[in-house]
Amino acid sequence: MRHSVARPFEDARKRRNRGSQKAFDPAKHPRGGDGRFVPTSESIGQAGRLAGQNATVHVEFAAVVRPGAIKKVTGVDVRGFRHSVSNQSISHTLKNHGNPKVETPRGQIAVTAADFEKLPQIVRSGIIHPPETHKSTLPRFVIKAEIDGIGYHYVGDVKAGKRRLDMISLRKKKGGW
């Protein structure tokens, strides 16, 4: 009797092929008019142009780099989640933290549309902190980062069912938080 012996890499090939059978989601890989992938900053800019509209558009801009630190603060395992920003959160941030006359007395700098292009750098380089008290029932976290002498205070919610971390608000000031 002859026994069939599996080749050593056969299992790895099956696992790799199984993962490639997922349907392609164009929303996660936006393309421009020329057919090329749209850079993350341009995707965030597109969401910013839709700020204030009723329909909510989410743009995923970065993978979670330190899921253990976020789990320590929120209690939710966020491995495989992605950071995202919506046109509604951009609108909220610009409305509440984008006016220099209001932000200067607070000791802060007004947030501009150009600051949203730094979101990938903020979430990758920042330190994760527990949030202040809030009304939301969703697990919340704060990321504080300093880039070029400007401190950013990023507030986000964990949307476990959607497997993403949504930006709620962004503030900035000179120096660190």
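Of everything in the stretch 91-142 that is in a helix (DSSP H, G or I) and among the acidic types (D, E), the residue that is nearest to Y154 (Cα to Cα) is D115. For the stretch 133-155, does any single residue satisfy the condition of being of a type outside the set (S, T, Y) and under 14 Å from H58 (Cα atoms)? Scanning the stretch 133-155, I find no residue that is of a type outside the set (S, T, Y) and under 14 Å from H58 (Cα atoms), so the answer is no. Taken over the stretch 132-142, the residue count meeting the criterion of being surrounded by fewer than 19 Cβ atoms within 10 Å (Cβ to Cβ) and of a type in the set (A, V, I, L, M) is 1. Residue count for the stretch 143-177 satisfying the condition of being assigned to a strand (DSSP E or B), surrounded by 15 or more Cβ atoms within 10 Å (Cβ to Cβ) and free of Cβ contacts under 8 Å to residues at least 40 places away in the same chain: 11.
If you check V57, V65, V76, V38, which single one turns out to be modelled with pLDDT of 90 or more and either surrounded by 10 or more Cβ atoms within 10 Å (Cβ to Cβ) or under 27 Å from T137 (Cβ atoms) (or both)? Exactly one of V57, V65, V76, V38 is modelled with pLDDT of 90 or more and either surrounded by 10 or more Cβ atoms within 10 Å (Cβ to Cβ) or under 27 Å from T137 (Cβ atoms) (or both), namely V76.
The values are calculated or read from the model by the stated rules, or taken from the named source; none is laboratory data. What you are looking at is a predicted structure, and each value in this text was computed from that prediction instead of being measured. Cβ coordinates were reconstructed from backbone atoms using ideal geometry, including for glycine residues, and neighbour counts include every protein chain displayed.
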